[in-house]
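The block underneath contains the structure these notes are about, expressed in structure tokens.
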Amino acid sequence: MKSIDILCADLLYAEMLKLELERAGYSAHIGRSATPDLIICDLDTNEAVKGPFVLTFSRDKDAHLCRPFDIEEFLLLVSQKLSEEEVTENTEIKKSTLYVSPYERYAVYNNENIELSELEHRLLLYLYNNKSADINELSLNVFGEESNPNLVRVYINYLRKKIDNRFKVRLITTKRNKGYCLGEDVQ
């Protein structure tokens, strides 16, 4: 049974979504759980959750759904998001060995915790949520407009020491014309 977290400040609305999801056969939780398959996030609550495993809704911001929305359309989008995750081979490789929390500053590799700084967590989460990213994309999206691409290289090195060197794997790779990749060359 797929597990879904609902992040919504309007508790009555969150409860309604929870009931609809449970009626459709999902395990739904209001708030954060350990390892959800999907996160449904109300952008009006200012939660900072991003990634391919997130479905967003809002009253006035750019989101997957505009509130109020048709519940059947909502359930169809949930089903599509969950099936996208199953089809993505790269995601399956990463999730079988590496888990990066979208909420808190930690990661787990083969059931062992990895302590991360705030910037290391943001960088690893960005790579975890995307197949690959070039140095300029990482510099802009992880470190901000004023950052230097050399900062990306420094933090990639930190992550390689904490993950690749520690576990004797090669999860973080560099590919020509793609940039940095996570999980493509798992040994």
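The values are calculated or read from the model by the stated rules, or taken from the named source; none is laboratory data. On a predicted model such as this, the values are computed, not experimentally measured, just so you know. Reconstructed Cβ throughout: ideal geometry from the backbone, glycine too, with neighbour counts over all protein chains shown.
Residues checked against (1) touching a helix residue (DSSP H, G or I) at 6+ places or on another chain (Cβ under 9 Å); (2) over 20 Å from K178 (Cβ atoms):
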residue	(1), (2)
N110	yes, yes
L125	yes, no
D134	no, no
E146	no, yes
Exercise for review: Select from the stretch 28-43 the residues that are farther than 13 Å from L55 by Cα and of a type outside the set (G, A, S) and list them in ascending order.
Suggested key: H29, I30, R32, T35
Point to revise | Boolean, G51 is at positive phi and either touching a Gly at 6+ places or on another chain (Cβ under 8 Å) or modelled with pLDDT of 90 or more (or both) | key: no
Check your understanding: Which of (1) exposed (fewer than 15 other Cβ atoms within 10 Å of the Cβ); (2) closer than 18 Å to T35 by Cβ; (3) aliphatic (A, V, I, L, M) does V154 not meet, given it meets every other one?
Key -> (2)
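Every residue, every condition in (1) in contact with a Ser or Thr (Cβ under 6 Å, 6 or more places away or on another chain); (2) assigned to a helix (DSSP H, G or I); (3) at pLDDT 85 or above; (4) more than 20 Å from A34 (Cα to Cα), yes or no:
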| position | (1), (2), (3), (4) |
| --- | --- |
| F69 | no, no, yes, yes |
| F74 | no, yes, yes, yes |
| E84 | no, yes, no, yes |
| K94 | no, yes, no, no |
| E104 | no, no, no, no |
| L124 | no, yes, yes, no |
